Amino acid sequence: MRAMLLIWLAMLLAALLVLSCEADDDGDATLDGGGGGGNNDDDDDDDDDDDDDDEPKLVLVVYKTSSSIAQDWGNATKIEDYLDYEMLTQSELADADLSVYSLIIAIHDTDWSLPSSVNAIEDSGLPVIGVHTGGALLFGSMGKHLNYNHAVAYNSEQSVTGTNCSSDFWNTPNAFGDCDSATYEFYGDPTAQINYDIDLLPSDVRPLALNANYPDRVAIAIEEQRFFLWGFQASPSALTEEGAAFLHNVIVNLVEQ
């Protein structure tokens with residue numbers, strides 16, 4: 001009789017041990033739902049097998065030959081922990097899987113001579129930052145207003161005047177306050193810039209920054225809420241603190257839209 005009792009107790013202990021292992025699926029020796037929310041509760045997420053860490057959002061920087069400038073633009077995207085970048089030449093786009101990216105940056109040395117590369121970007125549905133002439137040539141290949149034929153070139157510009165200051169581009173995550181008619185020095189040294197006549201902009205083009213010396217000329221704008229024209233030519237490493245803060249806003253808002 002005593003032997004049977006011992007066997008029964010052994011079976012009971014084994015069953016309890018199995019139940020405890022099933023309840024604690026993170027292997028931390030603490031059972032889920034330890035009762036009453038006290039110190040016996042398991043703070044880990046035992047029932048969620050998903051990785052809690054967010055996957056980084058990738059930005060694609062497209063260039064023709066200037067890999068060092070492309071890398072400069074890529075480094076400018078690493079302003080948040082969840083952002084990272086990759087680089088491709090424009091000739092590699094047609095065979096690339098663009099679905100893994102959240103934003104495309106076309107730097108100023110691109111010429112968009114390959115229709116397959118243009119089509120790859122247009123068909124991706126991704127937001128695009130087009131830099132100076134490279135961006136204008138890309139947008140022109142897609143039939144957009146912010147194209148090279150509509151642009152007016154200036155050789156020595158470094159400042160802008162704010163407009164449409166209610167836009168998130170001026171407020172998130174860096175708030176510029178009431179930027180209308182305020183002048184900001186975006187670059188420490190003058191650089192080439194392309195502009196657009198503000199009176200000729202169609203309704204789906206939203207100006208965001210004007211040439212500080214020519215208030216009827218638009219230096220930075222977005223078309224169809226997707227095609228963002230950065231009119232300056234110089235690389236991000238030449239930006240002032242104000243310019244870097246604005247570019248930070250641009251990248252974050254386009255990635256998260």
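The values are calculated or read from the model by the stated rules, or taken from the named source; none is laboratory data. As the structure is a prediction and not an experimental result, all values here were calculated from the model. Glycine also receives a Cβ, built like all others from the backbone with ideal geometry; neighbour counts cover every protein chain displayed. Areas reflect the complete protein model, heavy atoms only, side chains present, ligands, DNA and RNA absent. Shrake-Rupley method; radii C 1.70, N 1.55, O 1.52, S 1.80 Å.
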1/(1 + (r/R0)^6) with r = Cβ-Cβ of residue 203 and residue 175, R0 = 35 Å, i.e. FRET efficiency to nearest 0.05, evaluates to 0.80
With a ≥ b ≥ c from the Cα gyration tensor eigenvalues, square-rooted, and the rule rounded for a/c under 1.5, otherwise prolate when a/b > b/c and oblate otherwise, the range 69-214 is prolate
Here, residue 166 and residue 192, labelled 7 Å along Cα→Cβ, have an inter-label distance in nm of 3.7 nm
Residue 92 and residue 114 label points (each 7 Å along its Cα→Cβ direction) are spaced in nm at 1.1 nm
Across the alpha-carbon set of the range 171-257, Rg over Rh with Rh taken as the Kirkwood radius works out to 0.93
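Can you give the FRET efficiency to the nearest 0.05 for residue 237 and residue 82, using r as the Cβ-Cβ distance and R₀ = 22 Å?
On the way: r = 22 Å, r/R0 = 1.00.
E between residue 237 and residue 82, to the nearest 0.05, is 0.50.
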For residue 197 the rounded accessible area (nearest 10 Å², probe 1.4 Å, non-protein molecules ignored) is 40 Å²
Between the modelled labels at residue 182 and residue 68 (7 Å from Cα along Cα→Cβ) the distance in nm is 3.6 nm
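Could you calculate the FRET efficiency of residue 75 with residue 226 from 1/(1 + (r/R0)^6), where r is the beta carbon distance between them and R0 is 30 Å, rounded to 0.05? It would help to have the intermediate numbers written out before the result.
Values: r = 24 Å, r/R0 = 0.80.
Efficiency, from the Cβ-Cβ distance: 0.80.
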